1. Determine, yes or no, whether residue 170 is part of a helix (DSSP H, G or I), free of Cβ contacts under 8 Å to residues at least 60 places away in the same chain and in contact with a His (Cβ under 8 Å, 6 or more places away or on another chain).
2. When you look at residue 40, is it surrounded by fewer than 16 Cβ atoms within 10 Å (Cβ to Cβ), more than 30 Å from residue 147 (Cα to Cα) and either more than 44 Å from the chain's Cα centre (by Cα) or modelled with pLDDT under 90 (or both), yes or no?
3. Suppose we filter segment 164-195 for residues that are more than 17 Å from residue 141 (Cα to Cα) and among the small types (Gly, Ala, Ser); how many remain?
4. Scanning segment 179-231 for residues that are of a type outside the set (D, E, K, R) and part of a loop (DSSP other than H, G, I, E, B), which turns out nearest to the chain's Cα centre (by Cα)?
5. Quick check, is residue 123 at pLDDT below 85, in a helix (DSSP H, G or I) and small (Gly, Ala, Ser)?
6. Within segment 481-491, can you find the residues that are over 17 Å from residue 464 (Cα atoms) and either surrounded by fewer than 20 Cβ atoms within 10 Å (Cβ to Cβ) or over 41 Å from the mean Cα position of the chain (by Cα) (or both)?
7. Among the residues that make up segment 103-121, is at least one of them more than 40 Å from the chain's Cα centre (by Cα) and farther than 24 Å from residue 82 by Cβ?
8. Just checking, how many residues over segment 6-30 are modelled with pLDDT of 65 or more and farther than 19 Å from residue 102 by Cα?
Amino acid sequence: MLFSITHSLYSQKDNEKLFELEVQKKCKKFAQEVNFKKAQLYFIKKNWDSTLVYSMKQLSSNKTSLELSNYCHFFRGYSFKQKKMLNEAKKEFYTISKTFYFYKSIHNILGQISLEQSEFKKAISYFKEFENISETNHFDINKSFINHNLGVCYVQLRDFNKAEIYLLKSTKLQELEKDTIALVGAYGDIATMYYEQYKDNLAIPFFEKAYEFSKKVKRYDLKQIATKNMAVVEENRKNFEKAIVYRKEAEKWNDSLMDQNKIWAVAEVEKKFAIKQKQEEIHVLEVENRIKQTQRNGLFIIAILLLSIFGIGVYFYLQKIKKNKIILAQKENLDELNATKDKLFSIVSHDLRSSVNALKTSNTKLLNHLQTKNYEQLDVLLHKNNAIANSSYNLLDNLLNWSQQQTNQLFFQQESLHLFSIIQQIEYNYKPIVAEKNIELNINIDKSIFVFMDLDSFKIILRNMLDNAIKFTNEKGTISIYSEKPNSEFIPLIIEDTGIGMSNEVVEELLLESTKLSKKNNKEIIGTGLGIQLCKSMLLKNGGKLNIESKIGLGTKFILFLPKEVTNG
């Protein structure tokens, strides 16, 4: 069974503002009538109950003229329609004379009411009055919606030839107006019309258009119906796998719609409760004020004023101190960031210049050895160039990641990750580099361990740590990656190498809680400390932490404390 997106008509919110302004303009001549003025203000605010109350009060007055009476009946009819009290709305509209300025708008509304009450022939007679209006909208009368409503009426009367003419006219105008919400319904209604005539080849493209346009709107009801129709279409085409996908999507939009309705209902109840509570508070305060007024005297009032002035002075003074502390802290942080930036530019530019110069020198030697056909030296120089290029690339990659993190441009979403699988991926990428340097890589990870981290940042951390270990481990050295028994919060992951190690001073500097960078003492290896700082920052963002154990000449052990997978108790 297909689901209709448009049961009756479209709202015409684009024209409401123009219509409201015109109503305000015409009602200015009756500004001296208090009840009518209130009715008009509540009408603009869409407070339909209050509009009904004050328009009735005005009608009960002996001073009400024909024109004023017309406006009151119009306000009442419009309010009843908004409250879905359609028969009451019609009674009010029928009492309005033909001289009323918005009489055309009344016939349009009566057509909408007839359509909602399934009186299709009567609705057609009303809408036909506006069939030949110009492209320019007349307040709340829009040619595309008139054509659409006529098309809907003819569909219901099974006059498909006329329905097709009006619906296609309406759709063409709405495409020009770029009214996405209206187009979802228009395409859906055209598709339904063709489908009921078994013209599947004509219907299906419009169902697909309605579905694609529903993705662009925020109305869950339109998304749900468009998706349900696609499910029915795929079921009829015996494509049950696609039909199930659409059914699941429709259920999701249905759940979202129900949640939205619940939120609106709760908000409305809370609003009414807050108003009632506020009124009670105001009433209590009024009683208290009356009691206090009888008890106060001049001296007491002066004392209160003095205390108030003193309290305000203290408050502003404390606020000033607080703001000064915040400004000072921000200044210190900004100074540190500027210092980091300056040092980063200095170190990076120096290292890149050194690496480029080394490449330049090496290339000169390459050319000389190429001429002399000294292939042994050529092989040495090519390996050296490759190492310099890799180090420079890693430096630039870390610089890019660091800058994106500082400006909050990195996508971040923590999820449950299988630790062994992630490390296997990293190991696979580094196998050629490890083999080239003749380094033994040992991995011993508990395959049952899951961590709760952002995948991209975790991979950046592991790549930097493994890069660092390979860089500072000599040929025929060993790198070990293993996990230890988890505690209540963290899973310790160890990356240990037999490299050149670091002094206690360098370790302490790297572990400082700051964004400062350090320069490695090894002049032959490009390094700014940026990689370690990036790993520290990303670990902290994931809820983890880092520790380092190292001695010069005896290797380094990086201990990564990774957050455990979140489990429901």
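The values are calculated or read from the model by the stated rules, or taken from the named source; none is laboratory data. None of these values were measured; they are calculated from a predicted model. Virtual Cβ from ideal backbone geometry, glycine too; neighbours counted across all protein chains shown.
1. Details: part of a helix (DSSP H, G or I): yes; free of Cβ contacts under 8 Å to residues at least 60 places away in the same chain: yes; in contact with a His (Cβ under 8 Å, 6 or more places away or on another chain): yes.
In short, yes.
2. On the way: surrounded by fewer than 16 Cβ atoms within 10 Å (Cβ to Cβ): no; more than 30 Å from residue 147 (Cα to Cα): yes; either more than 44 Å from the chain's Cα centre (by Cα) or modelled with pLDDT under 90 (or both): yes.
No; evaluated as a whole, the condition is false for this residue.
3. Of the residues in segment 164-195, 4 are more than 17 Å from residue 141 (Cα to Cα) and among the small types (Gly, Ala, Ser).
4. 217
5. Numbers: at pLDDT below 85: no; in a helix (DSSP H, G or I): yes; small (Gly, Ala, Ser): yes.
Judged against the criteria, residue 123 is not a match.
6. 484, 485, 486, 487, 488, 489, 490, listed by residue number.
7. yes
8. Number satisfying all stated conditions: 0.
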